[in-house]
Amino acid sequence: MTEIKVLASVPTDAKVVAMGVSTTGPMPRGLGMTRKDLSAHGFDAKSGQTFFVPRAGGHGTLLVGLGESKSVTANSLRNAGAAIARATTKVESVATTLLNDTRVEKRAAAQAIVEGYRLALHRYVDLKKDKSAVANTSRFVLVTSTNAASAKTGVTRGQATANATCFARDLANTPPAHLTARMISDLAVAQAADAGLKAEVFNKDQLKQMGCGGMIGVNKGSVEPPRMVRLTWKPKGATGHVALVGKGVMYDSGGISLKPSDPSHAVMKMDMSGAAAVLATMLSLKALNVKTAVTGYLMCTDNMPSGSALKLGDVLTMRNGKTVEIHNTDAEGRLILADGLSLAAEQKPHAIVDIATLTGACLVALGEKVAGALTNNDELFTQIKKSSERVDEPVWQLPLVKDYRRLLDSNVADMRNIGGPSGGTITAALFLSEFVNDIPWVHLDIAGPMKVDGDEGWMNRGATAFGTRLLIDFVTNFKRR
Ligand code: BES
Ligand code: MN
Ligand code: ZN
């Protein structure tokens, strides 16, 4: 593990010092190279670009492009932190003057640099004998000539959000046999007390008794029992109460509506990315001294075909009493979220946010970089949007078109679990909206950004844990109306 520190000057043992360079303004002193010289070597200070200038004895200089100086934000610094990490994995001691190289406020700047640095270094190596992908750097120093206290707070916060994100990534990258519903609930319980949380686990019998027909129905085909975990964070003098509900499908085979045998479905081990984001968020609240009360629901089960599996035409009675006719067992996420949302709504929180790898349609609509967001409350969405921008986890609002509700009409039950051939993200959200009792609610569909295929910015190949930092920022800054 790399130690990260704030110091007033570059430590003597630093082998590489990373400096931020914008496309305008002065060049770092002592480099002995002009902007023109560097340009001739292909370095134009574009955002994310790096260029290493070695030196015999003393330390080499890593130039890190920041783009136009006017448009440098905490988000550019996060990417700069990531670029430094990728360029220095084999370097023992690294320092950066980034905090002095921009006008971004020290705390936000330090937090962002630490996030980018740590997230770019993250590798899931639990199941590899060869762990050489892990960086050798033992010390990363953020140099600042002013406001060291703010910078230190930023580092502490960045460590907490990076811990959460790396943990959620590890969970999502873990193969389904290595992380069952029982195992993730055991993990949550094992870590809850240290994180100041109350943890309650509900097993199959309890879920049955509670009337959680969605959880029981989706689990019917699996030999692995389901688990619901409720985590509670109740700080003294809480200023509001938020409920978070995460989709925790440990593996989504589609059930009887089996997915085609396509290698791309190996990523359906990541269908618990929503639950992972909620768990990681809950575990970070104490370290971040969050003043909002937060209840987290992890809705965990497999979705499997078998002789006992849910069938098409079956009707489930959900926690809130509504009945659902099954027309496609691959539309399982909404069934388990329905029970979680109902339980959350019963507590009458000021806001509910659910996060789920819910629809392939959202991936088609918005691609791999942007999550879909649907809401019954535009003011709450504005809070989510601001968090999204601050943490650089982009979301785009899609409309909750009331008129499409009829696409969910069923002949025999209150609704069916799929809509028509189009607008799949919207009809899924309309389905969920039946379970929130008009409490302000935002649904985040992270099917697109749950994973990436290459290393880029704060993301690395594999599970992204998208939404973790967004949820943390949201509950940290939540304002009840
Ligand atoms: N987990 C999937 C959605 C998904 C697809 C996530 C691709 C990430 C990448 C979800 O349970 C699902 O299967 N949705 C179906 C819904 C359909 C049957 C209405 C889909 O999107 O095809
Ligand atoms: Mn599915
Ligand atoms: Zn799914």
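Coordinate-derived values only; no laboratory data. The structure displayed is predicted, hence computed values, not measured ones. Neighbour counts are summed over all protein chains in view; Cβ atoms, including those assigned to glycine, are modelled from backbone coordinates with ideal geometry.
Near residue 446: Cβ cut-off under 12 Å, other residues only, Lys/Arg at +1 and Asp/Glu at -1. The net charge is -2.
Footprinting exposure proxy ranking of 59, 122, 327, fewest other C-beta atoms within 10 angstrom first, gives 327, 59, 122. For the pair residue 46 and residue 13 in one chain, pulling the backbone fully straight at 0.36 nm per residue adds 9.0 nm over the alpha carbon distance. Rg ratio for the stretch 167-477: its Cα radius of gyration over 2.2 N^0.38 Å, N being its residue count, equals 0.90.
Ranked by the mean number of other Cβ atoms within 10 Å of their residues, highest first, the peptides 125-133, 352-360 come out as 352-360, 125-133. In this structure, the pairs whose alpha-carbon distance is over 27 Å, taken from 204/322; 259/385; 129/269; 70/291; 234/269; 322/348, are 259/385; 70/291; 234/269. Summarising the label geometry, the points placed 7 Å from Cα in the beta-carbon direction at residue 323 and residue 348 lie 3.0 nm from one another.
Listed peptides 439-449, 271-281, 233-243 appear in the order 271-281, 439-449, 233-243 once ranked by packing, highest mean of other Cβ atoms within 10 Å at the front. The calculated 222 nm mean residue ellipticity attributable to helices in the chain amounts to -10000 deg cm²/dmol, summing -39500 (n - 2.57) over DSSP H runs of n ≥ 4 and dividing by all residues. Peptides 218-225, 51-58, 469-476 ranked from most to least packed, by the mean per-residue count of other Cβ atoms within 10 Å: 469-476, 218-225, 51-58. By the beta-carbon count within 10 Å of each Cβ, the least crowded to most crowded order of 194, 44, 330, fewest first, is 194, 44, 330. The distance between label points at residue 289 and residue 455 comes to 3.5 nm (points 7 Å beyond Cα on the Cα→Cβ vector). Were the residues from residue 315 through residue 191 laid out at 0.36 nm apart, the gain over their Cα-Cα distance would be 40.9 nm. Its alpha carbons considered, the stretch 19-174 gives a radius of gyration followed by a Dmax of 16.0, 48 Å. Here the stretch 384-451 has an Rg and Dmax of 13.9, 46 Å, counting Cα atoms alone. Determine which residues of the stretch 78-104 fall in the zone a paramagnetic label at residue 138 would reach in this model, i.e. backbone nitrogen under 17 Å from the point 7 Å along Cα→Cβ. Flagged as within label range: 89-95. Only Lys, Arg, Asp and Glu carry charge here, each on its Cβ (+1 for the first two, -1 for the last two); on that basis the chain has a dipole of about 1380 debye about its Cα centre.
Of all DSSP-defined beta bridges confined to the chain, some 35% are antiparallel rather than parallel. Near residue 320, within a Cβ-to-Cβ distance under 12 Å, what is the net charge of the other residues, with Lys and Arg +1 and Asp and Glu -1? Summing Lys and Arg as +1 and Asp and Glu as -1 gives -2. Local charge for residue 45 was computed over the other residues whose Cβ lies under 15 Å away, with Lys and Arg +1 and Asp and Glu -1, and equals 0.
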